[in-house]
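Quick notes on the structure that follows.
The values are calculated or read from the model by the stated rules, or taken from the named source; none is laboratory data. All values derive from a computational prediction rather than experimental measurement. Cβ sites come from the backbone with ideal geometry, for glycine too, and all protein chains shown count toward neighbours.
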Amino acid sequence: MQALHKQMRKCAIPSRHEFLVTKLLTGNEERIAGVIGVDFQTGGIIHIAAKTVILATGGGELYLVNSNMP
């Protein structure tokens, strides 16, 4: 995940933390065109339209070996 975050910062790609995706939105070509989800910090429902969506899940505490920072 650190390598992904580094490249995202380098390319000025926005990200969301503490965000639960509840629905993937598809476009006319059956490709992912965005998401709808809950922002845990505000409690709000958010719609995000995007050309590209990268889903990165948590769960580092579930596995003995993970790349989460301590």
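Screening segment 1-24 for residues that are touching a Gly at 6+ places or on another chain (Cβ under 6 Å) and either assigned to a helix (DSSP H, G or I) or of a type in the set (A, V, I, L, M, F, W, C) (or both) and picking the one that is surrounded by the fewest Cβ atoms within 10 Å (Cβ to Cβ) gives Leu20. State which residue is nearest to Gln2 (Cα to Cα) when the search covers only segment 44-64 and only residues that are outside any loop (DSSP other than H, G, I, E, B) and at pLDDT below 80. Per the stated criteria, the residue is Gly60.
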